[in-house]
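Trainee: I have a structure I would like to understand better, so I am pasting it below and will then ask my questions one at a time.
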Amino acid sequence: DMSHLYTPATNYYYAQYTGGNTKKNLVEARYEACPCPTPSVAHPCIYMDCMAFGMGCNCLQVTMQMPNVDVARHVYDQLVVLCPPFLALTSATPFQKGLLCDSDVRWLTIAASVDDRKRSEVPRILKSRYDNVSAFIGNKLAADSVQKFNDNHVEIDSKTFEHLKSEGLDDILAQHVAHMFIRDPLVIFDQAIDIDNENRSDHFESIQSTNWQTVRFKPPPPHTNIGWRVEFRIIAIAPTPFENAAMSVFVALLTRAIMKYDLTFYTKMSQVDENMGRAHIRDPCTQRYVFRKDIFAPLSKVTDSDDEVTDLSVDEIFNGSENYVGLISIVRRFISEDLKVDIEADIAATEAGGIAYVLRRYLNFIGMRASGKVLTVANYWRKFIAAHPDYKEDSR
């Protein structure tokens, strides 16, 4: 019985080897074909027997200040949906432990390296503690509508849930926190065992900070001026400062645009999981991702109907198409209307290094990478190795 090793995203990743069929026996066949001493995720496998092979991966995390808790909850949900195409666009892990692998991204390797679920827990706890987000938390939609998008089972710690409700939290946010508390604490410091929980949040943070998800909802610490924050954690780090700066700035501007235009990207959580699986297939920018057709629709018109979503490529998601306004166009509009910066002005007439010049370079670069005109880091490295005269087509 290999079911204790499964997460929703891994099942969707395996589907590429089984003609779209994710039945358990077909997945098991891939495990059984591997000659390694322990079950592994692919054949031939890359045997990584230490959590550092996962947690040693690098990433780019962007934390953004929100004006209030309600906006933070809405932005959190929208960024959750955007994670898979961002993972694909920034894919930079074509080899692991010195071997070329059949994936371009790091996420499932990290998820497996810290997956501490017991066999008995797997039917209830669907994901590793390092995984895609399990549930939306927004409160702009009616609670029953949010829960329709949360179409996967969400395991909770009942005692935590009831306590939070008794203290005034709504069911959706109480579920979010109670879901984190199904995990055992991993880290505690000698000086932070017996503390005043009314004035310090160390014990909460010991759980919060070891639930590593694609997006993190960050409440303000007590008695500080720090407000509600949202952390976007999916982006892979790139080799150059320019690439990292471009992605950081783009995420921050896109988040501001989500707030200004009240954008809505909601899909079912099971579809987000499916998109995460697709983002792990080699050359993930060639995959298509389940995405909402009308992201400007008023929330009163948003439902979980499959008629409201379609499959889009990474190019369409970022650059747009005849029937879809891409993310880059939305950011361009925000820059023009809110920042009052004309990045369409003649570059020659714009001071080199000025904000218009820099932003234009960033957006053009992201658009070219999404369209395939600029290779992803993973594609560039894979092609370099495959074309090298010393390469023996043995993944080494």
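Trainee: Would you say D262 is open to solvent by 50 Å² or more (accessible area, probe 1.4 Å), closer than 30 Å to L339 by Cα and touching a residue at least 24 places away in the same chain (Cβ under 8 Å)?
Mentor: yes
Trainee: Against the conditions (1) within 24 Å of D184 (Cβ to Cβ); (2) modelled with pLDDT under 90, where does D102 fall short? Just the number, please.
Mentor: (1)
Trainee: Right, here's the next one. Counting just the residues of the stretch 265-274 that are open to solvent by less than 10 Å² (accessible area, probe 1.4 Å) and modelled with pLDDT of 95 or more, which one comes out farthest from I366 (Cα to Cα)?
Mentor: Looking at residues that are open to solvent by less than 10 Å² (accessible area, probe 1.4 Å) and modelled with pLDDT of 95 or more, I get M269.
Trainee: Can you pull out the residues in the stretch 175-189 that are under 15 Å from R216 (Cα atoms) and free of Cβ contacts under 8 Å to residues at least 24 places away in the same chain?
Mentor: The answer is V177, A178.
Trainee: In addition: So, in the stretch 119-175, of the ones that are loosely packed, with under 15 Cβ neighbours inside 10 Å and small (G, A, S), which residue ends up farthest from V302 (Cα to Cα)?
Mentor: S120
Trainee: Take the conditions in contact with a helix residue (DSSP H, G or I) (Cβ under 9 Å, 6 or more places away or on another chain), farther than 25 Å from T255 by Cβ, crowded, with 20+ Cβ neighbours inside 10 Å and touching a residue at least 60 places away in the same chain (Cβ under 8 Å) and apply them to T109. Does it pass?
Mentor: Here the answer is yes, as T109 does meet what is asked.
Trainee: While we're here: Quick one: which of V331, V377, V309 is in contact with a Leu (Cβ under 6 Å, 6 or more places away or on another chain) and of a type in the set (V, I, T)?
Mentor: Every option except V331 fails the conditions.
Trainee: Assuming G277 fulfils every condition listed in (1) modelled with pLDDT of 95 or more; (2) small (G, A, S); (3) within 30 Å of W381 (Cα to Cα) apart from one, which condition is it?
Mentor: All conditions pass for G277, except number (1).
Trainee: Between F242, F250, which is within 30 Å of S336 (Cβ to Cβ), at pLDDT 95 or above and loosely packed, with under 15 Cβ neighbours inside 10 Å?
Mentor: F242
Trainee: Name the single residue that is nearest to V146 (Cα to Cα) among those in the stretch 305-324 being in a loop (DSSP other than H, G, I, E, B) and open to solvent by 50 Å² or more (accessible area, probe 1.4 Å).
Mentor: Checked the stretch 305-324; the qualifying residue nearest to V146 (Cα to Cα) is N323.
Trainee: Hey, another quick one. It is to be established whether one or more residues within the stretch 78-88 are under 21 Å from L253 (Cβ atoms), open to solvent by less than 10 Å² (accessible area, probe 1.4 Å) and of a type in the set (V, I, T).
Mentor: Within the stretch 78-88, one or more residues are under 21 Å from L253 (Cβ atoms), open to solvent by less than 10 Å² (accessible area, probe 1.4 Å) and of a type in the set (V, I, T).
Trainee: Only one of these conditions is not met by A178: (1) on the phi > 0 side of the Ramachandran plot; (2) among the small types (G, A, S); (3) surrounded by 13 or more Cβ atoms within 10 Å (Cβ to Cβ). Which number is it?
Mentor: Looking at each condition in turn, A178 falls short on (1).
Trainee: Of all residues in the stretch 123-143, count the ones that are of a type outside the set (S, T, N, Q), under 18 Å from M180 (Cβ atoms) and either part of a loop (DSSP other than H, G, I, E, B) or without any contact (Cβ under 8 Å) to a residue 60 or more places away in the chain (or both). Quick ask: steps written out before the conclusion?
Mentor: First pass over the stretch 123-143, keeping only residues of a type outside the set (S, T, N, Q): 123-127, 129-131, 133, 135-138, 140-143.
Adding the requirement that they be under 18 Å from M180 (Cβ atoms) leaves 124-127, 129-131, 133, 135-138.
Filter once more, so that each one left must be either part of a loop (DSSP other than H, G, I, E, B) or without any contact (Cβ under 8 Å) to a residue 60 or more places away in the chain (or both): 124-127, 129, 133, 135-138.
Going through the stretch 123-143 one residue at a time, the tally reaches 10.
Trainee: Do you know which residues across the stretch 273-298 are among the hydroxyl-bearing types (S, T, Y) and part of a helix (DSSP H, G or I)?
Mentor: Matches in the stretch 273-298: T286 only.
Trainee: While we're here: State all residues of the stretch 167-203 that are closer than 16 Å to H153 by Cα and of a type in the set (G, A, S); if no residue qualifies, say none.
Mentor: Hits for the stretch 167-203 are A174, A178.
Trainee: Another question about this same structure. Quick one: is R117 basic (K, R), within 22 Å of Y12 (Cα to Cα) and modelled with pLDDT of 90 or more?
Mentor: Criteria not met by R117.
The values are calculated or read from the model by the stated rules, or taken from the named source; none is laboratory data. Because the structure is a prediction, the values reported are computed rather than measured. Here Cβ is always computed from backbone atoms with ideal geometry, including for glycine, and neighbour counts include all displayed protein chains. These area figures cover heavy atoms from the full protein model, side chains too; ligands, DNA and RNA do not enter into them. Shrake-Rupley method; radii C 1.70, N 1.55, O 1.52, S 1.80 Å.
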